[in-house]
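The values are calculated or read from the model by the stated rules, or taken from the named source; none is laboratory data. Note that the structure is predicted; figures quoted are calculated from it, not measured. Neighbour counts are summed over all protein chains in view; Cβ atoms, including those assigned to glycine, are modelled from backbone coordinates with ideal geometry.
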Amino acid sequence: MIEVNELTKRYGRRTAVDRLSFTVRPGQVTGFLGPNGAGKTTTLRMILGLDAPDGGTATVSGVPFRDHPRGLHHAGALLDAQQVHGGRTAAAHLAALARSNGIAARRVEEVLEEVGLAGAARRRIGGFSLGMKQRLGVAVALLGDPPVLMFDEPVNGMDPEGVLWVRGLFRRLAAEGRTVFLSSHLMTEMEQTADQLVVIGQGRLIAAEPVAVFAARAGRPGVLVGTPRAAELTALLTAAGAAVTPEGSAGSERLVVTGLPAGRIGALAAEHRITLHELTVRTASLEEAFMELTAGSIEYRAGEAR
């Protein structure tokens, strides 16, 4: 388990993390979301003891990570796949970490096999693609077979096969009862991988709840209707108590309808002989929810002079 309590970090006048509190529990994948500059990487670094907080605490399995002897047995992490000595081979890199943490040498071969790098074990890391370096970083995190795992943007540079593999790996690790904490900007990955979310903006907590709850409370579910008689159908549905808005520009043939179920919309259209080209129930979108709830916390916006 990871527990963060009133965690604070300042850099001069700027507060990067502001009295942040949340808990990451075992047995599930917890996603860590926030706009660029929200303080995600700084938070992960403080959890791992790489940066000292100016206030508050962060613990792994009940104690600060620095107090764990031979840390890779307690938590594994991938923060930056590029931060590795390019002149070493993958096997040598892992072997050095294994020796310093009291991990059996055979574990090096096991994790290389697990991440799909067994055939590249004797190659120098400097010649690896970013996707291969990400796999090596995952191998480092798994090396000590720890109960807590943290990953910062782990699918960057991975091909579709790699993304599918790592998604399955995270789900399996959580099913084994481990604590899996995953930071990513890819909403589709969070929707397909995470059970819970921790969302921050400008260093402050915005939400800590299940993915479905977060999406539903800020998304705009409804029924998407396509018809060449949009104006007529809009008047009909409004009279029946629905709220209708064009999907896109005014005069669009696609409408978003809330307040009436799809079956009732279809029945009203049929009753008045209005042709429908589309009738689709829209579920809440994690991306819509994220954009709406973090709108006031975005530090860097495209097209804005600063």
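Kindly check whether there is at least one residue in segment 132-144 that is surrounded by fewer than 18 Cβ atoms within 10 Å (Cβ to Cβ), touching a residue at least 12 places away in the same chain (Cβ under 8 Å), out of contact with any Cys (no Cβ under 6 Å at 6 or more places or on another chain) and not hydroxyl-bearing (Ser, Thr, Tyr).
Among the residues of segment 132-144, not one is surrounded by fewer than 18 Cβ atoms within 10 Å (Cβ to Cβ), touching a residue at least 12 places away in the same chain (Cβ under 8 Å), out of contact with any Cys (no Cβ under 6 Å at 6 or more places or on another chain) and not hydroxyl-bearing (Ser, Thr, Tyr), which makes the answer no.
In segment 1-91, which strands (runs of 3 or more DSSP E) lie fully inside it and hold 1 or more residues that are touching a Gly at 6+ places or on another chain (Cβ under 7 Å) and assigned by TED's automatic domain parsing to the domain that holds Ala194?
Qualifying strands (runs of 3 or more DSSP E): 2-11, 14-24, 75-78.
Quick one: which of Leu33, Leu7, Leu20 is of a type in the set (A, V, I, L, M), closer than 22 Å to Ala212 by Cα and buried (at least 22 other Cβ atoms within 10 Å of the Cβ)?
Checking each option against the conditions leaves just Leu33.
Would it be correct to say that Ser61 is hydroxyl-bearing (Ser, Thr, Tyr) and under 27 Å from Pro160 (Cβ atoms)?
Against the criterion (hydroxyl-bearing (Ser, Thr, Tyr) and under 27 Å from Pro160 (Cβ atoms)), Ser61 does not qualify.
Exactly one of these conditions fails for Leu50: (1) surrounded by fewer than 16 Cβ atoms within 10 Å (Cβ to Cβ); (2) touching a residue at least 40 places away in the same chain (Cβ under 8 Å); (3) within 23 Å of the chain's Cα centre (by Cα); (4) closer than 30 Å to Asp18 by Cβ. Give me its number.
(2) is the only condition that Leu50 fails.
Which one is nearest to Glu153 (Cα to Cα) among residues in segment 63-96 that are of a type in the set (Gly, Ala, Ser) and under 24 Å from the mean Cα position of the chain (by Cα)?
The residue in question is Ala81.
If I go through segment 238-292 residue by residue, how many of them are surrounded by 15 or more Cβ atoms within 10 Å (Cβ to Cβ) and over 38 Å from the mean Cα position of the chain (by Cα)?
3
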